[in-house]
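One structure is given here, and the rest of the page talks about it.
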Amino acid sequence: MSDSPPLYDDASSTVDAGDPLSLGGFGGASEPDGVFWPTRCDHPYQYVCDSYQPLAGCRCDPTRPRGPEDCGGVRKTRCSEFRVRDPKFSYDPLSMDVGYVDCVCVPEDAASPAECGGFGQYVCNADINVFRDCHCDPERPRDPAACSKPEDFFCFAHEIESTDVADCQCGTGDTEAACPKDTIHRFACQSYDPPYGCLCQYIGIK
């Protein structure tokens, strides 16, 4: 938290505000009209609070990044685990830009799997299928060949607008031989050349 003074002096108006997250949405059910919301800041990324549950001591910190472009992209940006928005404004719940607050740049983060020893060592926080706050974990397998059985290499995170994967591990895949040959199971892999990330999926009765 920065020690710089807030841009506004009425930050205490957020005291006793409701939970910023309610039923998976943004904004609690009983926020007072006087709550200091991110819309009061020139850049929501610069909105910081002493507490997010309940909202308290919220203000604008001009030393924070204005947006992911100040950090080199969202993959090198870390924001609060809480997403906060002014409930008076409509929003797209799937928006990749709404509600991110209390953000900082993380220069040591990795913008691409190419910066790691292998693409399997790329680890990210995936939010709405967008990679954020990514880093390289040398304890992860470099690639499928690092697993005793390459088909057991499985990546748990995928990004919508790229072919990158993240959060990969060994020992989590299935083999085609173990998958029942019937109409209610389907064997599928994340990659077939080389084969990895394979699962026997139950698809129901046809």
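Give me the pairs, please: first residue somewhere in segment 62-73 and in a helix (DSSP H, G or I), second residue anywhere and among the aromatic types (F, W, Y), beta-carbon distance under 9 Å, and either six or more positions apart or on two chains. Sorted first by the residue in segment 62-73, then by its partner, the pairs are P68/Y45; P68/Y100; D70/Y45. Determine whether C168 is out of contact with any Ser or Thr (no Cβ under 9 Å at 6 or more places or on another chain), without any contact (Cβ under 8 Å) to a residue 24 or more places away in the chain and surrounded by 15 or more Cβ atoms within 10 Å (Cβ to Cβ). So C168 fails the test. Looking only at segment 106-114, decide whether some residue is surrounded by fewer than 16 Cβ atoms within 10 Å (Cβ to Cβ), over 14 Å from the mean Cα position of the chain (by Cα) and within 25 Å of P194 (Cβ to Cβ). Yes. Within segment 140-156, the set of residues being of a type outside the set (G, A, S) and crowded, with 16+ Cβ neighbours inside 10 Å comprises R140, P141, R142, D143, P144, C147, P150, E151, D152, F153, F154, C155. Evaluated against (1) in contact with a Gly (Cβ under 8 Å, 6 or more places away or on another chain); (2) under 21 Å from G67 (Cα atoms), Y100 falls short on exactly one condition, (1). Residues of segment 107-164 that are assigned to a helix (DSSP H, G or I) and either farther than 26 Å from E176 by Cα or of a type in the set (D, E, K, R) (or both): P113, A114, E115, E151, D152.
Does R64 count as surrounded by 21 or more Cβ atoms within 10 Å (Cβ to Cβ) and either small (G, A, S) or in contact with a Phe, Trp or Tyr (Cβ under 8 Å, 6 or more places away or on another chain) (or both)? Yes. Within segment 115-155, the set of residues being under 25 Å from V74 (Cβ atoms) and hydroxyl-bearing (S, T, Y) comprises just one member, Y122.
Computed from the coordinates by the stated procedures, all read-outs in this text should not be read as laboratory data. Note that the structure is predicted; figures quoted are calculated from it, not measured. Don't worry about glycine lacking a Cβ; one is built from the backbone with ideal geometry, like all the others, and counts go over all protein chains shown.
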